[in-house]
1. Counting only residues 5 or more places away or on other chains, whose amide H sits under 5 Å from the amide H of B:Lys161 once H atoms are built in the peptide plane?
2. Can you give the local net charge around B:Glu78? Use residues other than it whose beta-carbon is closer than 13 angstrom to its beta-carbon, Lys and Arg +1, Asp and Glu -1.
3. Please identify the helices of chain B, taking whole runs of DSSP H, that span at least 30 Å along their own axis as judged from the Cα atoms and have a mean Kyte-Doolittle score of -1.0 or higher.
4. Ranked by Cβ crowding within 10 angstrom, fewest neighbours first, how are B:Thr239, A:Thr104 ordered?
5. Give me a single rounded figure for B:504-511: the average over its residues of other chain Cβ atoms within 10 Å of their Cβ.
6. May I ask you to list the lysines whose Cα is less than 28 Å away from that of B:Lys328, ignoring any residue fewer than eight positions away on the same chain?
7. Mind listing the long-range amide H neighbours of B:Val156? Cut-off is under 5 Å, sequence gap 5 or more, other chains count too, H placed in the peptide plane at 1.01 Å from N.
8. Testing the spin-label approximation: label points 7 Å from Cα along Cα→Cβ at B:Ala216 and A:Asp25. State their distance in nm.
Amino acid sequence: MSVYYSKEHEWIRVDGDVAAVGITDFAQAQLGDVVFVEVPEAGRRLSRGGEAAVVESVKAASDVYAPLSGEVVEGNQALVDDPALANSDPEGAGWFFRMRLSDTHEVNDLMDADQYKAFCDSQ
Amino acid sequence: MTMNREGRPTRPEAAEDAGAETWTGNRALMLEEPLLFEIGDTRTTGVDIEAVGEGDDAHLAGLRRTRPIGLAGLSEPETVRHYTRLSRQNYAIDLGLFPLGSCTMKHNPRLCEKAARLPGFADVHPLQPIDTVQGALQLIAELGEWLIRLTGMHSVAMSPKAGAHGELCGLLAIRSALEARGDKREVILVPESAHGTNPATAAFAGYRVESIPANAAGRVDLTALKARLGPDVAGVMITNPNTCGLFEPDMIEISRAVHEAGGLVYCDGANFNAIVGRVRPGDLGIDAMHINLHKTFSTPHGGGGPGAGPVVFSEALTPFAPLPFVDKIQADGGDRYILVEEECVGEHHGRSFGRMTAFHGQMGMFSRALAYILSHGADGLRQVAEDAVLNANYILRRLEDLLDAPFAASGPCMHEALFSDKGFAEGMTTLDLAKGLIDEGYHPMTMYFPLVVHGAMLVEPTETESKAALDQFIGALRHVAERARAGDTSLKAAPFHAPRRRLDETLAARKPVLVYREQDTAEAAE
């Protein structure tokens with residue numbers, strides 16, 4: 001199991017051909033208190049870079065993009081019911097959706113933890 | 001001599017405890033006010049109406065109420081007091097300077113109110129016979145003529161109800177024009193310095209929105225814009241003066257490039273107040289622009305109904321303008337005003353994209369706006385723009401030593417001054433400063449917009465403030481800004497003196513209570 005990061009401030013935990021996706025701690029700190037979350041339904045096809053979910057904080061509404069291509073296995077209903085999880089445990093219980101990847105090689109275009117940290121520092 | 005021994009003390013006596021809690025929760029003239037439903041319950045009525053017996057419901061198509069509708073039963077004095085008390089907890093332009101950037105909260109002259117209340121304008125119905133509303137139609141036509149002249153454009157649609165509605169009107173005209181030439185373009189470019197409604201409007205009109213970055217001087221990055229233009233770009237939506245309070249000096253060049261690439265130019269005219277009488281958008285190559293009558297022409301923000309956001313068009317877009325509109329014709333040896341609607345469009349207006357609204361627009365706003373224009377005259381309107389810009393620059397220069405003004409070095413601002421939170425002590429935010437300003441008796445400025453600077457504070461004083469009023473506001477803002485820079489943590493708990501202390505916006509958004517239910521209230525009270 002490996003964790004990757006995108007330039008859109010998403011983390012992607014890959015286990016075989018299934019990936020869990022959420023927003024990073026850096027992202028939740030920038031967004032402020034998250035008040036509303038919309039996650040994709042199981043079965044929805046996602047293409048890399050396309051809109052996948054919505055996260056709304058007191059400051060702004062943002063799209064969460066699909067970091068990889070594939071099909072949604074499950075959206076996190078617990079997060080929809082309690083959007084505060086995106087703030088309190090962004091890289092754990094605050095995951096957004098899980099997806100089955102159509103091309104596991106796409107992960108090579110993502111960043112690892114060190115690269116992502118350097119990316120955030122440069123922002 | 002006779003002596004009245006019943007006199008009352010007329011001097012204050014020193015008392016130790018000045019801040020005793022009151023039994024009512026009221027603080028003298030600051031009155032606590034319950035909800036409507038807590039004043040009057042849903043089982044009684046405040047109005048004495050005869051009981052309705054079993055009767056004829058033929059006039060209601062046989063429909064009848066089967067259960068109570070749950071309205072609070074208040075008497076007239078209870079209702080009047082409720083809303084009057086609530087209004088006293090609010091801030092208004094009639095109370096003081098209202099520095100809300102991008103909103104142009106200027107004084108609403110009472111002369112305009114008087115004109116709007118004339119029965120011939122106030123009491124007309126949109127379905128009245130045309131012969132009986134010639135004066136009202138003349139007023140709409142004359143206001144339209146002024147807007148065309150002031151903007152240097154070709155035609156005007158008076159019916160859109162507000163700024164964003166006007167934006168939609170402009171984009172629908174752009175889309176119609178492109179479709180008419182068989183051109184299916186899908187992208188609208190919106191610079192970062194544009195108003196927040198622009199991308200929303202473009203998306204609503206069915207376009208894909210792409211952002212164009214701002215350059216270091218807070219203007220549109222011309223190189224980036226030109227690089228993005230192409231056969232898929234329907235147009236750009238540009239705000240000028242932009243929402244950093246800066247004039248876009250490359251506007252003519254931008255329009256030329258967009259037109260060369262086959263696109264059209266929409267201008268958000270929300271900030272027209274800064275240039276009215278000085279710059280004609282038509283000379284800048286703009287194809288469509290809305291005008292917020294409640295900003296530039298000082299109709300009230302919220303005037304007992306919708307506002308008005310007329311849209312002016314270039315010659316290229318004029319054939320696609322929405323219906324209806326007022327036309328002046330010669331008949332019986334004099335002027336006569338007619339409404340051009342679907343039934344009577346000639347070949348000249350056959351390509352209109354349709355209607356934005358059921359009727360002709362918001363009469364109460366039109367009469368106020370025309371009264372404003374006529375009472376100022378062309379020279380007065382020019383002075384409006386000059387004074388608005390002067391006031392904003394006075395604020396910019398009096399504060400730039402204390403508040404970071406990211407674009408101040410690039411020269412004068414237009415009608416509004418933009419500051420950032422740079423220089424605040426660790427942990428202190430723009431929100432804290434805004435709450436501190438409430439304690440000083442001011443409505444805060446626009447916060448956290450535009451997004452191009454961190455912790456943005458956008459201050460628009462408008463031309464109607466005197467130097468004394470500006471100086472007092474500057475003094476208050478400097479005082480609060482110094483506290484934010486010094487890390488005065490008491491600012492974190494502000495406001496202290498408002499009817500309510502700092503509200504939990506997160507809780508309100510996560511658990512909104514939008515409908516009154518007696519059961520919920522009972523549970524909350526437990």
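1. It is B:Gly166, B:Gly309, by chain and number.
2. Net of charged neighbours comes to -2.
3. Both cut-offs are met by B:363-399.
4. In increasing order of surrounding Cβ atoms, one gets A:Thr104, B:Thr239.
5. 5
6. B:Lys114, B:Lys161, B:Lys295
7. Amide H neighbours of B:Val156, under 5 Å, 5+ apart: B:Phe313.
8. Result: 3.5 nm between the two label points.
Every number in this text was worked out from the coordinates using simple rules, so none of it is lab data. Since the model is a prediction, treat every value here as computed from it, not as a measurement. All Cβ positions, even for glycine, are placed from backbone atoms using ideal geometry, and neighbour counts span all protein chains on display.
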